[in-house]
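Q: Once you've had a glance at the structure underneath, I'll fire off some questions.
The values are calculated or read from the model by the stated rules, or taken from the named source; none is laboratory data. Worth saying up front: this structure is predicted, and the values here are computed from it rather than measured. The accessibility values were calculated without ligands, DNA or RNA, using every heavy atom of the protein model including side chains. Shrake-Rupley method; radii C 1.70, N 1.55, O 1.52, S 1.80 Å.
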Amino acid sequence: MKEFSITNRNSKIQRSVTTRLIHLTLALLIVIQLTLSLVMTAPSGSKAGDQWFELHEKFGLAALAALLVFWVWSLLRKKEVKAAELFPYFSAARMSALYSDFRDVARHAIRLTIADKNDQPFANAMHGLGIIIASVMAVSGAIGYFLKIGFILGVHEIVSKLMWAYLIGHVLAAILHQVRGDAVLSRMFFIKK
């Protein structure tokens, strides 16, 4: 399977075409979901939701399916970031590396530079955080869709605010990488030089 460096120009961490396609699919579905949430009218009392809400439900189920594919793929893939690196919270050594890398990333961010290194615990944990947020949104939305549990839909709405913040931060970080010479967007979206 063909592999490409995504993290930085000297990174030994590779992203397969499968990983990149899953990432692209999730990105598109999440952007569609968040955009629909701005224009839709949710059901209220005996009044049904509008056509935008119905689309939101359908795309939400598609996002859940894509996330399930990601979770399975993250357990099966080789030579890429491991699930334990995306979710370092249960290892003292990984949390220590995350904290150390966070300090390094913060120092570089203040100078609008990017550290050029292979090991990136902070970036991995941020990607894991995005997967957690997206998964909570998708599962809570699906529970709301199938079981109509109001409390869970409240969780869904609250977590959507976190997803907006994550999406904006993720896009800004990708743009910063691109501007600083790391062609992360070109590689992620299959753009050849």
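Q: Would you mind working out the accessible area per residue for the chain, using a 1.4 Å probe, and quoting it in Å²?
A: With all protein chains present, the chain gives 59 Å² per residue.
Q: OK, next. Restricted to Cα positions, what overall size does the stretch 94-193 have along the principal axes? Three whole-Å values, descending.
A: 48, 37, 21
Q: Here's something else I'd like to know. According to the square roots a ≥ b ≥ c of the eigenvalues of the Cα gyration tensor, what is the shape class of the chain, taking rounded for a/c under 1.5, prolate for a/b larger than b/c otherwise, and oblate for the remainder?
A: Verdict is prolate for the chain.
Q: Right, next: Rounded to the nearest 500, what is the 222 nm mean residue ellipticity of the chain from helices alone, with -39500 (n - 2.57) per DSSP H run of 4+ residues and division by all residues?
A: Value at 222 nm, helices only: -23500 deg cm²/dmol.
Q: For the stretch 83-119 and the stretch 21-54, what is the separation of their Cα centres, given in Å?
A: 33
Q: Can you quote the Å³ per residue value for the convex hull of the Cα atoms in the stretch 27-68, rounded to an integer?
A: Looking at the stretch 27-68, the number lands at 60 Å³ per residue.
Q: While we're here: Can you report the principal axis dimensions of the stretch 121-173 using only the alpha carbons, biggest first, rounded to whole angstrom?
A: Principal extents (largest minus smallest coordinate, Cα): 37, 17, 12 Å.
Q: Anything over 28 Å Cα to Cα? Flag those among LYS58/LYS78; LYS79/LYS161; LYS58/LYS82; LYS82/LYS117, in the order listed.
A: LYS58/LYS78; LYS79/LYS161; LYS58/LYS82
Q: Please compute P(r) over all alpha-carbon pairs of the stretch 87-139, binned at 5 Å starting from zero, and give each bin as a whole-number percent.
A: 4, 20, 24, 21, 15, 10, 5, 1
Q: Here's another thing I want to ask about it. Hey, any idea what % of the chain's accessible area is carbon plus sulfur with a 1.4 Å probe?
A: Details: 8200 of 11440 Å².
The value for the chain is 72 percent carbon and sulfur by accessible area.
Q: Please list the equivalent ellipsoid semi-axes of the stretch 6-101, computed as the square roots of five times the alpha-carbon gyration tensor eigenvalues, in descending order and whole angstrom.
A: 35, 16, 13
Q: Say we join alpha carbon atoms closer than 10 Å with springs in a Gaussian network model of the chain; which of GLN33, GLN120, GLN178 then has the biggest fluctuation?
A: GLN178
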